[in-house]
Amino acid sequence: MARTTLEMFIKVVGANKVAKALDNVSDELKDLQKQTDKNEKSNAKFAAGMSGLSKAAIAGAAVFAGKKLTDFSLDAVNAASAALEASAAFGQTFKQAAEGLNNELEKSANLFGLTNSEARQLTAVFGSVAQGIGFTEEEAAKLTLQVFKLSGDIASFNNLQQGALPVINAFRSGIAGEREALATYGLKITESMVQTKAFTMTGKDAVDQLTLQDKALATVAIAYEQAGVQLGNAEREADGFAASTVRLSAEIRQLKEDIGTELVPA
């Protein structure tokens, strides 16, 4: 049963794509293994237990494996469906600026603990908020990319298992004037600080002259200044154990999305 299911799975998806995707995950696992002490005693004990399995147990394991593969396929299809919805929202939000922004997001989405579709979904919501306070699609895309990169570094520096997700959400509130959540990540930005920065950036000299866009840009500029040593942390710590764990989790979810995309038509 397991073999038949696997053969159908590979036939639908394509052996090359399955192999490539699994190789990517396998490489991550190898990197993690290098950083983890091997327990030879446990390995030997496990091997001895496996050698004593009865034929019935092995047959049962094969059935279980077939079911797990089927479950994986269903999860993959659901992940792909969600990814399609995220792509639609992303395209609708950024329109002409979507392709360029998407290319940039894909360069570091997994590094920041996100799949490509998760990155598109998060940034689409952020972009819609930015447009809601007056930014054009192009301006929103530019601001979104700045926040995305900063959020990834902050998440890496703070070893957040959720990756950049909670940081981006904090910035989403921050550009709308609710900056309390940013303090969680060491960014203490007050209204008076934002006004002062906005005056410097715009050349304006009265509070009532400042727009919501002016304040949003000032908020992000101050965040970059306060981030200090956090900037660039994602790349610096990319090979570390914590970063590899977060990235591996994202790449496994990415694998489901990629395979699910091939399974959806079938």
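Which of the residues belonging to region 173-200 are touching a Gly at 6+ places or on another chain (Cβ under 9 Å), assigned to a loop (DSSP other than H, G, I, E, B) and touching a residue at least 40 places away in the same chain (Cβ under 8 Å)?
176, 186, 187, listed by residue number.
Out of (1) open to solvent by less than 60 Å² (accessible area, probe 1.4 Å); (2) within 25 Å of residue 86 (Cα to Cα), the odd one out for residue 172 is which?
Going through the list (1) open to solvent by less than 60 Å² (accessible area, probe 1.4 Å); (2) within 25 Å of residue 86 (Cα to Cα), residue 172 breaks only (1).
Condition check ((1) touching a residue at least 40 places away in the same chain (Cβ under 8 Å); (2) at positive phi; (3) touching a Cys at 6+ places or on another chain (Cβ under 8 Å); (4) of a type outside the set (Val, Ile, Thr)) across all residues:
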| site | (1), (2), (3), (4) |
| --- | --- |
| 93 | yes, no, no, no |
| 102 | no, no, no, yes |
| 114 | yes, no, no, yes |
| 118 | yes, no, no, yes |
| 128 | no, no, no, yes |
| 133 | yes, no, no, no |
| 137 | yes, no, no, yes |
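Across region 103-119, which residue is most open to solvent (accessible area, probe 1.4 Å) among those that are part of a loop (DSSP other than H, G, I, E, B) and of a type in the set (S, T, N, Q)? Can you show your working first?
Keep residues of region 103-119 that are part of a loop (DSSP other than H, G, I, E, B), which gives 109-115.
Checking which are of a type in the set (S, T, N, Q) leaves us with 110, 115.
On the way: 110: 35, 115: 0 Å².
Step by step, filter region 103-119, then rank; the result is 110.
Going through 210, 255 one at a time, which residue ends up being open to solvent by less than 60 Å² (accessible area, probe 1.4 Å) and modelled with pLDDT under 85? Before the answer, list the steps.
Details: 210 fails: modelled with pLDDT under 85.
The unique qualifying residue is 255.
Need the failing condition index for residue 181 against (1) open to solvent by less than 70 Å² (accessible area, probe 1.4 Å); (2) more than 27 Å from residue 114 (Cβ to Cβ), just the number.
If we test residue 181 against (1) open to solvent by less than 70 Å² (accessible area, probe 1.4 Å); (2) more than 27 Å from residue 114 (Cβ to Cβ), just (2) comes out false.
Listed residues 184, 202, 219; which is β-branched (Val, Ile, Thr) and touching an Asp or Glu at 6+ places or on another chain (Cβ under 8 Å)?
Values: 184 fails: touching an Asp or Glu at 6+ places or on another chain (Cβ under 8 Å); 219 fails: touching an Asp or Glu at 6+ places or on another chain (Cβ under 8 Å).
Exactly one residue qualifies, and that residue is 202.
Answer with yes or no whether residue 100 is in a helix (DSSP H, G or I) and at pLDDT 95 or above.
Details: in a helix (DSSP H, G or I): yes; at pLDDT 95 or above: yes.
Answer is yes for this residue.
Can you pull out every residue in region 237-256 that is in a helix (DSSP H, G or I) and not aliphatic (A, V, I, L, M)?
Our first condition is that a residue be in a helix (DSSP H, G or I); within region 237-256, this holds for 241-256.
Listed by number, the residues that qualify are 241, 244, 245, 247, 249, 251, 253, 254, 256.
Please count how many residues of region 76-102 are open to solvent by 20 Å² or more (accessible area, probe 1.4 Å) and closer than 17 Å to residue 262 by Cα.
Counting residues in region 76-102 that are open to solvent by 20 Å² or more (accessible area, probe 1.4 Å) and closer than 17 Å to residue 262 by Cα gives 8.
Any chance you could count how many residues in region 130-167 are open to solvent by less than 40 Å² (accessible area, probe 1.4 Å), assigned to a helix (DSSP H, G or I) and within 23 Å of residue 184 (Cβ to Cβ)?
The total comes to 15.
Does residue 191 qualify as being acidic (Asp, Glu) and at pLDDT 95 or above? Before the answer, list the steps.
On the way: acidic (Asp, Glu): yes; at pLDDT 95 or above: yes.
Taking the combined requirement at face value, the residue satisfies it.
The values are calculated or read from the model by the stated rules, or taken from the named source; none is laboratory data. Since we're looking at a predicted model, the values are computed, not measured. So basically every Cβ, Gly included, is an ideal-geometry build from the backbone, and we count neighbours across all protein chains shown. Surface areas here come from the heavy atoms of the whole protein model, side chains and all, with no ligands, DNA or RNA. Shrake-Rupley method; radii C 1.70, N 1.55, O 1.52, S 1.80 Å.
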